[in-house]
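The values are calculated or read from the model by the stated rules, or taken from the named source; none is laboratory data. No experiment lies behind these values; they were computed from the predicted model shown. Note that we place each Cβ from the backbone using ideal geometry, even for glycine, and neighbour counts take in every protein chain shown. Heavy atoms of the whole protein, side chains included, go into the accessibility calculation; ligands, DNA and RNA do not. Shrake-Rupley method; radii C 1.70, N 1.55, O 1.52, S 1.80 Å.
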Amino acid sequence: MMKVLIVGATSAIAQAVARQMAARGDTLFLLARSEERLAALEADLRIRGAPLVGSSAFDAAALDRHAALLQQAHAHMGGIDVVLVAYGTLNEQQACERDVGQTLQALHTNGTSVIALLTLLANRFEAQGHGTLAVIGSVAGDRGRQSNYVYGTAKGMLAIFLQGLRNRLHRCGVNVLTIKPGFVDTPMTAAFEKGPLWASPEQVASRIILAIDKGWDVVYAPAFWRLIMLVITTIPERVFKRLSL
Amino acid sequence: MPASHAELRAALAGANGQPVIARGLGRSYGDSSLAPTVFSSLSRAMLLEFDTERGLLRCEAGASLADILAVIVPRGWFLPVTPGTRFVTAGGALASDVHGKNHHVDGCFSAHVTEIELMLADGTVVHCAADRNRELFQATCGGMGLTGIILSVQLRLRRIDSALIAQRTFRARSLEHAFELFEREADATYSVAWIDCVAAGRQLGRSLLMTGEHAGPGTLAPATARPIAVPADLPARLLNRRTVGAFNSLYFHLPRAADSLVHYEKFFYPLDRLLQWNRLYGRKGFLQYQFVLPLEAGAAGMQEILSRISASGKGSFLAVLKRLGGQNANYLSFPVAGYTLALDFKMEEGVLELLNELDAMVAGHGGRLYLAKDSRMSVETFRRGYPAWEKLQAVRALHGASGRFASLQSERIGL
C-alpha cells in the first residue's frame, strides 16, 4: 500500500492511474486546478476503494505555493512514497511559431514549472531516502520534429533533467521514472483523428503502475513505442530533416 | 465534453445553434449518436456517491456499466437491468432505456433510476424523476439524447449474494415450442432464447432457451477470462448461408448441461469477450435489426416474419428471442408486452429491400423497431410504431431542445 501524490490529478492519464491505485487500496493526495473536479474525483476514488484521499487546488505557475502544497500532502498522508507529475498542455505548434510569448509559456508549463517542482521534490526525497518520482514525458521528447518541436523541447528538457536526477538520487535509494506515452486518446488530443497506434488512458496507466512497482527508469507506453522511437532516433539527421513527420 | 458544468454550458452556447448530440461508448448500432458535432461523455465518468447499505449509486453519465459492476459486485450489489453488453455508459443506457433478460419481471433501465440531472439547451440543469419534471423524465428516458445532455444518473441497485448465475437450458423444437417454454418459465428472473433463423420448414425457429437466477451465497470475484479481439476485417464470404447454417446446427446440437452455474459475465455478456466482433462481417459490415410484436400477434406473427427471413437466405449469425413485459410511460421506450427478435444481417445486396419488407410486416402486426439498433428506418415506420412521438416533440419544444439536440437518426426519422 503506497502513499501517492498525483500532480495534475484530473488529467485523463492521471485519473486512470488514480482509479487503478484506488482499486488496490493505495492512499492518494491529488493536486489539480479545478476544485469542482477534484471534489468529484475524491468521491470517485473513495468509492473505488482508496482508504484515504485528500486534495488541494494547485496552479503549476504559482511556484511560490509548491513547497506548502507538498507539505500539506505529506501531512495528510503521513508521508509520500510516490509522486506522479501528470499535468501539461498540448500547445498549438503553429501558434507558438508565430508568437514568442506562447512558445515560452508552453516551455514553462510543460518544462520549467515541472523542473521547479522536481527541484523541491528531489531534496525532499533525498532526505527521506526512499520512494519514486515519476514524471509523464512523451515520445515527442526523444527527437525534435517539425510538427511539434515546442512540445517536444519541453518534454525532452524533462527527460534530460530526470536523467540527472536519476543519477544523483540513485545512491539515496530513490527511483526516478521517465514515462514516455505515445499517442493517447484523451481530451488533450481531442482534435486529432485516431488510428491503430492510439492507446487509451487506462492502457497507459497500467504501464505506469507496472513501471513504478518494478522500479524501472524509463517506460514507453504502450511498449511498442520503444521500438518505434529506436528507429526514429536512429535516422541520420541529413535524412530526417527532409521528412514531414 | 468539457468536464465542468460551466465549461459545458459555454460549449453549448458556443455551438452557435448548430445541433449537437451526446455520445457515450457508441454501442448503438446505427446513427443514434452521430452528428456533425458530438459531445463525448467519456471525460465525465466519475462515480459520485455509493450508499453501500441501501444500494444507491449516483454517477456521471459517462461512467460505463462495466466500471460500475467492477465496483458494486464485490460489495454484493448488481445492476437491476443490464443490456447484452456492459460497454455502454449510464447515460447511454438511459437514453436508449435499455432492457435486459429480466424485462418481463423488472422492466427497463429507467424503472430503477431514482433521479437524473439533465442540462438543457440554454445551460440550465434540471433534476428529473418519475415524480419530478415527470414529462421531461419520460421524454428523456429512451429519448436518445434529444432532450438535453444527461449529466448524472442515480440508480437503485439489486442485492446479490454471489457473482454466479444458476442457469438452466431448454431445447425448443420450433418457434411455437419456444413460445410455450417462455410462458412456462415466466417466473424465471432472467430468460432469453438463442434462435436459429436459417433452419426452414418444421425446424423453423428452433431455439435454446436459457433462464437464470442469481445463485445463493458464493464468490463475488470477477471472471478471470481475458477478452480476445478479432484483429482485422474477415473476408465477407466466410459468413454465408452454408457456414452459418452449419454453425447453427452444431451450436444447437452441442451437448450441454441442463443446469449449470456460470459467472454473471458469461451469462449476461457473452459477446463482450470477443472485442471487435463486428469485424467478422468483413469490410462492408452488418445491419442489426430488432423489433417487438405485441402478444396479440402471437407465434403466428413471429412465424410469418421468421419464414420470410429464412426464405431470403440472408441468414443471421446471431438471433435473440425474448419475452418482453409491459410498456412503460416513456415516450420512446421500445418494449411492449410481447416477443422481440434481434438479428444481424451481413451487408449485401438485397438486405435493405428485405428490411423494408420486414418493416411493413412488423407494422402490420402492431409492432415497432428498437431505435438503438436502427440505422435505416423511415419516418413513416417510426411514427407508426411510436405514436407518442408527438408528445416527445412537444416536450422538446417546451425545453428548447428542438433543433439544438439532434442526431443523424433523429433527422432521418423526422424528429
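Here is how the numbers come out for the structure above:
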{"read-out": "Links that overshoot a 27 Å alpha carbon limit, given the list A:Lys155/A:Lys241; B:Lys266/B:Lys322; A:Lys194/B:Lys373; A:Lys194/B:Lys266", "value": "A:Lys194/B:Lys266"}
{"read-out": "Estimated dipole of the protein assembly as shown in Debye, rounded to 20 [Cβ of Lys and Arg +1, of Asp and Glu -1, Cα centre]", "value": "1600"}
{"read-out": "Accessible area (Å², 1.4 Å probe, nearest 10) - B:Phe405", "value": "0"}
{"read-out": "C-alpha center-to-center spacing [the stretch B:81-118, the stretch A:17-49] in angstrom", "value": "27"}
{"read-out": "Theoretical FRET efficiency, 1/(1+(r/R0)^6), r = Cβ-Cβ of B:Ala246 and A:Asp213, R0 51 Å, to 0.05", "value": "0.60"}
{"read-out": "Estimated distance in nm for a label pair at B:Arg383 and A:Phe240, the labels positioned 7 Å out from Cα along Cα-to-Cβ", "value": "6.4"}
{"read-out": "Share of carbon and sulfur in the accessible heavy-atom surface of the protein assembly as shown [1.4 Å probe, %]", "value": "54"}
{"read-out": "Evaluated over the stretch B:116-235, the Cα radius of gyration and Dmax, each in Å", "value": "21.4, 58"}
{"read-out": "Candidates B:Glu180, B:Glu53, B:Glu265: whichever shows maximal mean-square fluctuation once chain B is modelled as a Gaussian network with Cα springs under 10 Å", "value": "B:Glu53"}
{"read-out": "Where the Cα pairs of the protein assembly as shown fall when distances are cut into 10 Å bins, in %", "value": "3, 14, 23, 23, 19, 11, 6, 1, 0"}
{"read-out": "Highest-MSF residue in chain B out of B:Ala15, B:Ala139, B:Ala45 [GNM, Cα springs under 10 Å]", "value": "B:Ala15"}
{"read-out": "Potential lengthening between B:Arg308 and B:His112 on full extension [0.36 nm per residue; Cα-Cα distance subtracted]", "value": "66.8 nm"}
{"read-out": "1.4 Å probe, heavy atoms, protein only - residues of the stretch B:1-34 losing at least 10 Å² accessible area vs chain alone", "value": "B:Ala3, B:Ser4, B:His5"}
{"read-out": "Pairwise centroid distance, computed over Cα atoms, of the stretch A:154-177 with the stretch A:93-144, Å", "value": "12"}
{"read-out": "Rounded accessible area per residue of the stretch B:282-415, 1.4 Å, Å²", "value": "38"}
{"read-out": "Solvent exposure of the stretch B:117-182 as accessible area per residue, Å², 1.4 Å probe", "value": "37"}
{"read-out": "Two-site label geometry, A:Ser200 and A:Ala67: point separation in nm, points 7 Å out along Cα→Cβ", "value": "4.3"}
{"read-out": "Alpha carbon centroid spacing (whole Å) that separates the stretch B:140-217 from the stretch B:348-415", "value": "25"}
{"read-out": "GluC sites (Glu not before Pro) within the stretch A:25-91: DSSP coil, no more than 11 neighbouring Cβ in 10 Å", "value": "none"}
{"read-out": "Whole-number accessible area per residue in Å² for the stretch B:29-107, which is evaluated in the context of all protein chains at 1.4 Å", "value": "29"}
{"read-out": "Listed residues B:Arg58, B:Arg383, B:Arg396, most fluctuating in chain B (Gaussian network, C-alpha, under 10 Å)", "value": "B:Arg383"}
{"read-out": "Residues losing 10 Å² or more accessible surface upon assembly, the stretch A:1-26, compared with the chain by itself, 1.4 Å", "value": "A:Gln15, A:Arg19"}
{"read-out": "Estimated distance in nm for a label pair at B:Glu176 and B:Asp272, the labels positioned 7 Å out from Cα along Cα-to-Cβ", "value": "3.9"}
{"read-out": "Summed buried accessible surface, chains B and A, 1.4 Å probe, nearest 100 Å²", "value": "1100"}
{"read-out": "Estimated FRET transfer efficiency (B:Glu357, A:Thr189; beta-carbon r; R0 30 Å; 0.05)", "value": "0.10"}
{"read-out": "For the protein assembly as shown, calculated [θ]222 nm from helices alone, where every DSSP H run of n ≥ 4 adds -39500 (n - 2.57)", "value": "-10500 deg cm²/dmol"}
{"read-out": "Probe 1.4 Å, all protein chains present, accessible-area order of B:His253, A:His108, largest first", "value": "B:His253, A:His108"}
{"read-out": "Chain B - charge dipole about Cα centre, Lys and Arg +1 at Cβ, Asp and Glu -1, debye rounded to 20", "value": "900"}
